Amino acid sequence: MSGTNNEESIRFSNVFNDANACTLYRLGDIFWKIRRFLNIGMEAVLRENVKVVDQFIYKLINTKIQTLHNLEDDELPLKKRDFISRLLETKETDPKYLRDMVLTFITAGKDTTASALS
């Protein structure tokens, strides 16, 4: 991923997996809303994980925006090679919307790949 180094990508992957586990843990914890309000236990971990995920995704989006702005007209085909570029082509620049779309595709791809492999 451009704009991120391998260490950041690995950290994102680990934190993303932990966040999924924390969310799944809510199914068996009837007090999760209280824990979230008090910011304790798995809910505190989840809150920190969401911050890391958001930082990674926003950095990725901002890097892509800068890259697209720096490309010359003769490099236009390079603009259309990835998902974020295509989203930006639609003139959709709301960072929260872009983050949500990227996370949706990451989640869908991860779950689909895991299911196919098993």
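Tell me the residue from SER2, SER9 that is exposed (fewer than 15 other Cβ atoms within 10 Å of the Cβ), at pLDDT below 95 and closer than 18 Å to GLY109 by Cα, please.
So the residue among SER2, SER9 that is exposed (fewer than 15 other Cβ atoms within 10 Å of the Cβ), at pLDDT below 95 and closer than 18 Å to GLY109 by Cα is SER9.
Return the residues of the stretch 24-57 that are open to solvent by less than 40 Å² (accessible area, probe 1.4 Å), aliphatic (A, V, I, L, M) and over 30 Å from THR67 (Cβ atoms); say none if nothing qualifies.
Answer for the stretch 24-57, where residues must be open to solvent by less than 40 Å² (accessible area, probe 1.4 Å), aliphatic (A, V, I, L, M) and over 30 Å from THR67 (Cβ atoms): ALA44, LEU46.
For the stretch 58-102, which positions are modelled with pLDDT of 70 or more, among the basic types (Lys, Arg) and open to solvent by 50 Å² or more (accessible area, probe 1.4 Å)?
LYS59, ARG81, ARG86, LYS91, LYS96
Identify the single condition in (1) of a type in the set (S, T, N, Q); (2) farther than 21 Å from ARG99 by Cβ; (3) out of contact with any helix residue (DSSP H, G or I) (no Cβ under 8 Å at 6 or more places or on another chain) that THR63 does not satisfy, given that it satisfies every other one.
Condition (2) is where THR63 drops out.
Do the conditions hold for ALA21, that is, is it surrounded by 14 or more Cβ atoms within 10 Å (Cβ to Cβ) and not hydroxyl-bearing (Ser, Thr, Tyr)?
Here the answer is no, as ALA21 does not meet what is asked.
Which residue, of ALA116, ALA108, is within 17 Å of ASN14 (Cα to Cα) and at pLDDT below 90?
The match here is ALA108.
The values are calculated or read from the model by the stated rules, or taken from the named source; none is laboratory data. Values in this document were obtained by computation on a predicted structure and should not be read as measured data. Ideal geometry is used to build each Cβ from the backbone, glycine not excepted, and the neighbour counts take in all protein chains shown. Note: areas computed on protein heavy atoms with side chains; ligands, DNA, RNA excluded. Shrake-Rupley method; radii C 1.70, N 1.55, O 1.52, S 1.80 Å.
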